[in-house]
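Below: one structure, written as structure tokens.
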Amino acid sequence: MPTSDARPPTGRSIQLSESGERARIIPDEHDDGWVLDIGGAVQSHVDLADPTRIRYEYLRRMANVLDACWPTGAPLRILHLGAGALTLPRYVQATRPGSVQTVVDLDRELPSLVVSELPLPEGTDLTVVIGDARAELAHLPKDRVDAVVLDIATAANAAAHLTGAEYYGELLGRLTEHGVLLVNIGDDTGLRFLGRQSRALDDAATEAGLTGTWALADANLLERLDTGNVVLAAGGALAAQDHEEVRARLLAAGPHPAAVLDPSQTADLAARIERAS
């Protein structure tokens, strides 16, 4: 993919063939950097001058899991399902040069807009695949990866074939023995979708012989079962570590107020959500 030094976007917009919405890169009204606007909804934030700065909390928590599971600077092989403005791939390249990354996105026009308006860090090794996040798995190289990042599903528009235990099992099967699957879940008040997805991922993890599912989010969100984003995580990279030690590292990393639930606590959360439904 093209790379370059930091420069301002041109402001052009494109129409996405899948959704029919218009997409553009515009200045962030509240912060330094740029945001991806799709149909009037802000999707992603990018700081060209400092790709290690991640404004969105759920992406920061995902980055923290990667940093807790592998030595500083170690290059990784990562499969991203859902592209946005490529915020996390930028972070990985900036902190782990030499990483090999693949992005699968349904909107053919979006990745080219993003990289032309917001060039990737120098040296980024990123392959873009256009297509469905499940169908394309069969066509990707069979080499296992260190991490799979699924950033697609929200309660409002979740596709059934991308949210069940069977699909999560397929994603876990793409990981190395010490890999990690990270799933962003956007949900409404009550977190019922989260509850179903945490159980589905837990079933898939158990089937794969793993210890279960972790959850990371704003502590107030989980306490109130409020609207927002929760990161679910599973894989050998977490199972191989002392739970209390990795939980302490992730709690310290924030963003604050942070909640980091180990598999037992995540199961308790799912039960609490079910009781409240």
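Every number here is computed from the coordinates shown, using simple stated rules; none is lab data. Computed from a predicted structure; not experimentally measured. Ideal geometry is used to build each Cβ from the backbone, glycine not excepted, and the neighbour counts take in all protein chains shown.
Short-range pairs are left out: with C-alpha atoms under 8 Å and at least six residues apart, the relative contact order of region 142-207 is 43 percent. Helix content alone sets the calculated 222 nm mean residue ellipticity of the chain: runs of n ≥ 4 DSSP H residues at -39500 (n - 2.57) each, divided across all residues, give -9500 deg cm²/dmol.
Remark: relative contact order (the chain) = 16 percent; criterion is Cα-Cα distance under 8 angstrom and separation of 6 or more residues. Applying 1/(1 + (r/R0)^6) with r as the Cβ-Cβ distance of Ile14 and Leu251 and R0 = 35 angstrom yields a FRET efficiency of 0.30.
DSSP beta bridges fully contained in region 51-276 are about 40 percent antiparallel. Computed on region 145-277, with alpha-carbon pairs under 8 angstrom and 6+ residues apart, the relative contact order is 28 percent.
Computed over neighbours whose Cβ is under 14 Å from that of Gly235, the net charge equals -3, Lys and Arg +1, Asp and Glu -1. Can you give me the C-alpha center-to-center distance between region 248-277 and region 180-245, rounded to a whole angstrom? Here the two parts' Cα centres lie 8 Å apart.
With R₀ fixed at 25 Å, the C-beta to C-beta distance from Ser116 to Asp143 puts the FRET efficiency at about 0.30.
Backbone amide hydrogens, once placed in the peptide plane, bring Val129 within less than 5 Å of Val103, Val104, Asp105, excluding anything fewer than 5 places away on its chain. Put a plus charge on the Cβ of each Lys and Arg, a minus charge on the Cβ of each Asp and Glu, and nothing anywhere else: the dipole of region 37-151 about its Cα centre is then about 360 debye.
Under the Karplus relation 6.51 cos²θ - 1.76 cosθ + 1.60, θ = phi - 60°, what is the ordered set of whole-Hz ³J(HN,Hα) values for region 196-201, x standing for Gly and Pro? For region 196-201, the Karplus curve yields 5, 6, 5, 5, 5, 5 Hz. Taking K and R as +1 and D and E as -1, what net charge do the other residues with C-beta under 12 Å from the C-beta of Ala63 add up to? Net charge around Ala63: +4. Each residue of region 258-270 was assigned a 3J(HN,Hα) from its phi angle through the Karplus expression (A = 6.51, B = -1.76, C = 1.60, θ = phi - 60°), giving 9, 10, 10, 9, 6, x, 5, 5, 5, 4, 5, 4, 4 Hz with x at Gly and Pro.
Simple point charges give the picture: +1 on the Cβ of Lys and Arg, -1 on the Cβ of Asp and Glu, and for the chain a dipole about the Cα centre of about 120 debye.
Computed 3J(HN,Hα) for region 139-145, one whole-Hz value per residue from the Karplus formula 6.51 cos²θ - 1.76 cosθ + 1.60 where θ = phi - 60°, is 9, 7, x, 7, 4, 6, 10, glycine and proline marked x.
The H on the amide N of Val145, modeled in the peptide plane, is under 5 Å from the matching H of Leu175, Thr176, each at least 5 residues off or on a different chain.
Entry note: region 156-277 has Rg to Rh equal to 0.94, where both radii use alpha-carbon atoms and Rh is the Kirkwood radius. Hydrodynamic estimate: the Kirkwood radius of the chain over Cα pairs, inserted into Stokes-Einstein at 20 °C and 1.002 mPa s, corresponds to D of 114 µm²/s.
A cut-off of 5 Å between modelled amide H atoms, ignoring neighbours fewer than 5 places along the same chain, links Gly33 with Asp28.
With K and R counted +1 and D and E -1, the other residues having a Cβ less than 9 Å from that of Asp37 yield a net charge of +2.
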